[in-house]
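Here is the structure we will look at, set down as structure tokens.
The values are calculated or read from the model by the stated rules, or taken from the named source; none is laboratory data. As the structure is a prediction and not an experimental result, all values here were calculated from the model. Here Cβ is always computed from backbone atoms with ideal geometry, including for glycine, and neighbour counts include all displayed protein chains. These accessible areas exclude ligands, DNA and RNA; they are computed on the full protein's heavy atoms, side chains included. Shrake-Rupley method; radii C 1.70, N 1.55, O 1.52, S 1.80 Å.
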Amino acid sequence: MPVQRITKYPLLLQKILENTSARDKAYAALQSAASAMLEINANINEYKRRKEVATKYSKVEQLTLRERLGRLNKHSIAKKTMRLSRLFMHEAGIVPKEPTVYLLPIDFQTEDKEFDHLEEKFQFLASGVTELKENVASYLNNLQVFLLSKPQECELEMEGAAQQYRRLAGTLCRTIFPEFMRQLDRLGYQPLCSLSETLKGPQQLIRKRLDKLLDYEEIEEKKCEMGNVTYDEEATMNTYLAINTLLVSELPTFNQVAMQWLGQILRSLVALQRDLAKQVLQEAEIELAQLPHSHIPLPTFWKMVKDTLSQSGAQLNSFCQKFETVMPSPVVQPLSPAEERRVLSLVNKHGPDKLYQLTSNISGSKDLDLTLQRGQIVALLHEMDTKGNTNRWLVDAGGHRGYVLAGKLQPYHLVQSQKPRMQMLAPDAGAERRRHSYTLPETPRPQVLITPPAFQVVAGYAFTARSPHEVSLQAGQLLTVLEPHDKKGSKEWSLVEVNGQRGYVPSSYLMMVPTQELGGWSLPAWSLPTQQT
């Protein structure tokens, strides 16, 4: 029946009712028919309006940034600003989160409570579908990587079960696993993608309901204050009521159908896994029956496996010991005079327990990273960077300070030699093959060795911390500069450590003064021979 005719029936019945006597037997029936047709027309109009609203706001538009910016105007910016401020007021507790409790009639109050429950179930369902879809996709990718390895195609010089393993692995990789992946994609992943796409429409409608709810609250307050609203504002209020009623009436059915859909997908996944395990077990039993130990009792078999593994471990241990005995002793290379002076300067500044040696070449790839050579000696300043990453250490390379990977460093200890008035530098015994050492010449040099001057940093002025990222200082207080700049590279602030606390202070408040006495490890004092006359 064409919809246009339905709207004419109330007029026709009303006209017939006007020309019918009230004492006629058909008058009551005509009244009932006219009322029923009016109610039917109202329901049809309301249903069409809800469907139009749902079609308008449930579309998921894929807009570029330029297209989104092109839609901005004064009206949209003002509306979004009002919604955002309203939402902040809800979160801050200035406005109750359920304002419709006193703004809406009792029926709508019940609908809002019911909608909250329905939305919670829908969001739980949507998050479960998304997580399951990601897991199935990851599972398929891992299976693809597993099939690319193909260890059975390698020429394994093994006796016994190698042939059975090749046949079993070949059967699994050629037929069973590829067929399982096709079935998993067809019965599991593709239905999950379709279900995920189906959920986008209701998700968009739920988000739009929140926007319209914020508009509704603002207009309702204005209506309470002024007593009337404009035609557009009235249409906005009706739009919210239509979206809310539509979701409350249709979301339960959608949740139920989506749950049934998801349940069928899960049953398919379980059946696929069960069939895969059954097929693999059948193929494995065929190959295991051909092994010489297939009829041995299980406890005896496990005892044989443990004995074999123990014997193999003992052979490997013996080989490692023999290999260490025939390895050549590490080569000790003397340090150059420039390297000697640099190491002595690091020891005087930071102490011998802060020395580390690089185990390989490093090339700085990030800001403030150092580029250093293998075997170079540095001093540790801090065991993490400014972001708390413990894999990047702040070091002093004897002129430049920066970050290096912690895994590229090994401790470098100072060892006193047995000869009188001689000292030698050497790394830990088992840390690295390459070692550096130096020994002072037995014949004294004709000049006195000059140690580079050491300095210390003190606070020139008192400073009071104003935030948790800063640290307070007293005038003349000793401190350690960890970084001569802040996180943005500005040299107006420096990261320092004082009394076990780290924080930023103004760089202009710091002063560098020479130390009174050089502490730590240093070269022995050599006296020049007296001239005989």
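Quick notes
- The protection proxy used here, the mean number of other Cβ atoms lying within 10 Å of each residue, ranks peptides 202-210, 360-368 as follows, highest first: 202-210, 360-368.
- Placing D307, D486, D353 in order of accessible area, with the largest value first and a 1.4 Å probe, yields D353, D307, D486.
- Set of lysines with alpha-carbon distance to K113 below 20 Å, sequence-local pairs under 8 removed: K97, K121, K208, K212
- Each of the peptides 314-322, 382-390 was scored by the mean count of other Cβ atoms within 10 Å over its residues; in descending order, highest first, they stand as 382-390, 314-322.
- For the stretch 234-363: Kirkwood Rh in Å [reciprocal of mean 1/r, alpha carbons]: 25.5 Å
- Rg to Rh, two decimals, where the stretch 337-411 supplies the alpha carbon set and Rh follows Kirkwood: 0.94
- The lysines within cross-link reach of K8, meaning a Cα-to-Cα straight distance under 19 Å and a gap of 8 or more places when in the same chain, are K48.
- Summing Lys and Arg as +1 and Asp and Glu as -1 over all other residues whose Cβ lies under 15 Å from the Cβ of S149 gives a net charge of +2.
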